[in-house]
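The values are calculated or read from the model by the stated rules, or taken from the named source; none is laboratory data. No experiment lies behind these values; they were computed from the predicted model shown. So basically every Cβ, Gly included, is an ideal-geometry build from the backbone, and we count neighbours across all protein chains shown.
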Ligand code: CAA
């Protein structure tokens, strides 16, 4: 992973984005405790977040989720960033919610405090988020990956919802997103037995889109992020919104949403530029307008 950090250019952040503790090494006097954050890619247009709690296999404690949300907020408002990559370590993307932190919680704590409510930030991101998963993606770790838009997996990645073995059930969308991704039978099997699936099984079931050797998965995810970031950010957000509509809406409603967004692209400079560039046989120069 050290190699990942080599060659990372320093960020020049707009003043509004230099917030306390936002970028490790880039803001004076404070840093993240549980994550590493930087911009990646040749044009520095891919936001990169690495979960960095190795001793606990990136267990998702409250502090880590808060930092992740802060980093996402910042990349979302950074006009240079066109896509975001979230990764962990070679051993673990994330081994789930922090069991030690959860162990003594009561129903009243959970219900009264809306436990895990703030975990949803990734799924509400308007910019595309790619999960680069090596090692364990278990429980909340699998759920975090599934909140992302695209999952790339290393050859030895393992996905699972083992909450049943702890006497509980997935609480951050596992029963819902996994079922939509892999279908009822495999989702039921995983949720009811706690058994894990390999990267290959996850690919076959449609949970991940690509598998790479462990030491390549992050760079491939960044490269996918760069490819996305070269397109119009405005239109990319519309495309993402439309695909996500497929998870929430009926086919008729989804098709209506798509049509409205499609029509909306005709109100943009980038749609004009894209089609004009094609006709003029040149590369489009998108301005996100
Ligand atoms: N929470 C807190 N600590 C965790 C953790 C978790 N989810 N997963 C691992 N750790 C800690 C271990 O306690 C251990 O710490 P110590 O050295 O201080 O004892 C350290 O990480 C290394 O873990 P192991 O020694 O267990 O490593 P291993 O290689 O033998 O096993 C593993 C790896 C199979 C992932 C195993 O750690 C494991 O089963 N972890 C728990 C997975 C799990 O049940 N996840 C679901 C959590 S509940 C949830 O996520 C709810 C939800 O839907 C949001």
Exactly one of 45, 120, 58, 52 is under 19 Å from residue 161 (Cα atoms) and touching a strand residue (DSSP E or B) at 6+ places or on another chain (Cβ under 9 Å), and that residue is 58
Note: among 192, 165, 178, just one is under 30 Å from residue 114 (Cα atoms), surrounded by 18 or more Cβ atoms within 10 Å (Cβ to Cβ) and modelled with pLDDT of 95 or more, namely 178
Output for Cβ contacts, cut-off 8 Å, separation at least six or different chains, first residue closer than 22 Å to residue 101 by Cβ in the range 113-134, second part of a strand (DSSP E or B) and modelled with pLDDT of 95 or more, reads 116/97; 119/60; 122/86; 122/129
Flagged in the range 208-234 as in a helix (DSSP H, G or I) and within 25 Å of residue 177 (Cα to Cα), in numbering order, are 217, 218, 220, 221, 222, 224, 225, 228
Q. When you look at residue 244, is it farther than 16 Å from residue 146 by Cα, out of contact with any helix residue (DSSP H, G or I) (no Cβ under 8 Å at 6 or more places or on another chain) and at pLDDT 95 or above, yes or no?
A. no
The strands (runs of 3 or more DSSP E) lying wholly within the range 40-146 that contain at least 3 residues that are more than 16 Å from the ligand (Cβ to nearest atom) and in contact with a helix residue (DSSP H, G or I) (Cβ under 7 Å, 6 or more places away or on another chain) are 46-51, 83-87, 129-133
